[in-house]
Amino acid sequence: MLRQTLLAFSCLPLALTACSQGETPKVATQALDPVAVHENVLTLDSHIDLELEYIAEDMDPWTNKDGKISVQKMQDGGLDAAFMIVYTPQGEMNDAGVAKAREIAETRYKAIMRLTEKYADQLALARTAKEVRAIHQSGKKAILLGMENAFPLGNSIDDLAMWEKRGVRYLGITHMGHNQFADSSNPSYSRGETKALYGGLSPLGKELVVALNKAGIMVDVSHTSKDTMMQAVALSKVPVIASHSGVKALVDNPRNLDDEQLKALAAKGGVIQIVAYGGYLKNLTPEQQAFKMKVRKEMGLEDDMAFLSMDEETEALFDKKMEAAKALGPAANVGDLVDHIDYVVKLVGIDHVGIASDFDGGGKIEGWWDVSETPNVTKELVKRGYSQADIEKIWGGNLLRVLAAVQAHAHP
Ligand SMILES: [Zn+2]
């Protein structure tokens with residue numbers, strides 16, 4: 001068994017073509033120990049959320065035992081660094097909607113700050129790639145700030161400087177539904193939106209991309225439409241990221257990136273962080289698909305537009321009914337996650353892919369159910385034949401390279 005593993009290491013996955021073309025695989029002299037690799041590389045998760053119901057001032061969301069992250073789980077899982085997310089759901093595009101979004105963003109930001117202060121003996125806020133490495137060296141865990149949805153900025157980009165000062169190092173332009181800045185991958189049909197509001201970035205959205213470059217904040221295109229994404233990549237002077245997305249060629253979901261997008265992202269030096277969200281990683285089995293159609297019919301949602309426009313209450317009921325589909329096929333697992341990584345590596349190379357759990361924002365897969373199970377991801381990467389240097393890149397090296405480049409451009 002061990003010998004087979006040794007042989008497999010020498011020609012997978014990048015050299016697969018070379019091997020299949022008849023090149024003699026070299027036998028690796030030493031098998032990689034996944035435990036040692038996990039210990040040796042800096043592991044960075046680019047997208048972890050806080051559940052809104054747990055972030056009142058007197059609460060520590062990380063003491064919720066059902067939560068997927070806590071400082072203890074980071075210790076147990078050997079996760080060295082994490083982007084914690086100031087996330088705002090998309091609301092109505094008016095003053096009241098923006099005011100509410102600002103409040104939510106403030107609440108989440110303050111909750112993240114409280115956690116870094118409460119656990120200051122184990123955590124520290126990182127503002128640069130260099131600081132992430134220094135904090136890691138010191139034995140602490142690095143917390144970085146990301147912002148998901150530019151909606152709370154309102155109708156200007158004035159607040160960007162404040163968020164940069166606070167430590168935000170990437171900004172997701174949209175979430176579910178279009179906003180002032182751009183079209184989303186998932187229009188809010190229930191709010192009457194059509195597929196495209198601007199056909200990509202709005203004029204304000206173009207200003208935002210330029211301003212993000214100047215501020216040294218990474219442009220994040222997860223949740224944006226393809227047009228928004230391609231325009232943002234073309235407009236940005238520095239590499240762009242997709243902080244938590246999957247590969248469309250493997251799972252045809254609007255949240256995933258197609259080959260043209262992946263090539264554009266990579267050509268600019270950017271990176272896609274593959275997300276551990278089952279629906280974006282694994283297709284439904286034919287049985288699950290049939291069950292889904294049955295539920296849609298039962299609920300009067302056979303029509304695609306009716307299905308896409310369902311309100312929150314209907315969606316909650318639909319999701320509840322769909323729970324039963326889980327018994328009809330295996331759930332997405334760590335192998336599926338690494339299939340998406342392999343795909344990106346084969347298409348555009350090892351320098352353009354990373355990992356995001358989306359924990360406490362819906363992310364969870366078999367084998368990586370919470371932060372404490374993080375070593376299983378490394379184990380799978382080792383099993384697929386990646387070297388420690390490759391795994392270092394996948395587990396955060398690539399993203400930190402982009403962060404460093406973006407900041408160097410802004411503050412030469
Ligand atoms: Zn998201």
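Odds and ends about this structure:
- Any pair with Cβ under 8 angstrom, 6 or more apart, that starts in segment 241-270 at a residue that is touching a residue at least 12 places away in the same chain (Cβ under 8 Å) and under 13 Å from Val353 (Cα atoms) and ends at one that is open to solvent by 10 Å² or more (accessible area, probe 1.4 Å) and among the polar types (S, T, N, Q): Gly246/Asn253
- Checking each residue in segment 359-387 for being within 15 Å of Lys73 (Cβ to Cβ), modelled with pLDDT of 95 or more and among the charged types (D, E, K, R) picks out Asp370, Glu373.
- For segment 188-198, the criterion of being of a type outside the set (Phe, Trp, Tyr), surrounded by 21 or more Cβ atoms within 10 Å (Cβ to Cβ) and not assigned by TED's automatic domain parsing to the domain that holds Glu315 is met by no residue.
- All conditions in (1) assigned to a loop (DSSP other than H, G, I, E, B); (2) under 24 Å from Thr374 (Cβ atoms) hold for Arg169, with the sole exception of (1).
- Out of Ser184, Ser190, one residue alone is within 16 Å of the ligand (Cβ to nearest atom), of a type in the set (Ser, Thr, Tyr) and at negative phi. It is Ser184.
- Flag if Glu380 is part of a helix (DSSP H, G or I), assigned by TED's automatic domain parsing to the domain that holds Gln273 and under 19 Å from Lys141 (Cβ atoms): no
- Among the conditions (1) touching a strand residue (DSSP E or B) at 6+ places or on another chain (Cβ under 9 Å); (2) of a type in the set (Gly, Ala, Ser); (3) away from the ligand (no atom under 16 Å from the Cβ), the only one that Ser357 does not satisfy is (3).
- Among the residues making up segment 72-110, a single one is over 19 Å from the mean Cα position of the chain (by Cα) and open to solvent by less than 10 Å² (accessible area, probe 1.4 Å): Ala101.
- Residue in segment 169-180 that is touching a helix residue (DSSP H, G or I) at 6+ places or on another chain (Cβ under 9 Å), hydroxyl-bearing (Ser, Thr, Tyr) and surrounded by 14 or more Cβ atoms within 10 Å (Cβ to Cβ) present: yes
- Within segment 363-380, the set of residues being within 16 Å of the ligand (Cβ to nearest atom) and open to solvent by less than 40 Å² (accessible area, probe 1.4 Å) comprises Gly363, Ile365.
Okay, residues lined up against (1) in the same structural domain as Leu144 (by TED's automatic domain parsing); (2) over 30 Å from Lys321 (Cβ atoms); (3) within 16 Å of the ligand (Cβ to nearest atom):
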{"site": "Ile217", "(1), (2), (3)": "yes, yes, no"}
{"site": "Met230", "(1), (2), (3)": "yes, yes, no"}
{"site": "Asp259", "(1), (2), (3)": "yes, yes, no"}
{"site": "Ile272", "(1), (2), (3)": "yes, yes, yes"}
{"site": "Glu302", "(1), (2), (3)": "no, no, no"}
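- Looking only at segment 313-351, and only at residues there that are of a type in the set (Asp, Glu) and farther than 17 Å from Lys248 by Cβ, the one that is surrounded by the most Cβ atoms within 10 Å (Cβ to Cβ): Asp351
- Residue in segment 54-68 that is within 16 Å of Leu123 (Cα to Cα), more than 16 Å from the ligand (Cβ to nearest atom), assigned by TED's automatic domain parsing to the domain that holds Ile135 and part of a loop (DSSP other than H, G, I, E, B) present: yes
- Single unsatisfied condition, Gln261 versus (1) outside any helix (DSSP H, G or I); (2) within 20 Å of the chain's Cα centre (by Cα): (1)
- Test: residue in segment 207-214 that is farther than 21 Å from Leu403 by Cβ, in a helix (DSSP H, G or I), away from the ligand (no atom under 16 Å from the Cβ) and open to solvent by 30 Å² or more (accessible area, probe 1.4 Å): yes
The values are calculated or read from the model by the stated rules, or taken from the named source; none is laboratory data. Keep in mind that this is a model prediction, so the values were computed, not measured. Glycine gets a Cβ as well: all are built from the backbone with ideal geometry, and neighbour counts include every protein chain shown. Just so you know, the surface numbers come from the protein's heavy atoms only, side chains and all, with ligands and any DNA or RNA stripped out. Shrake-Rupley method; radii C 1.70, N 1.55, O 1.52, S 1.80 Å.
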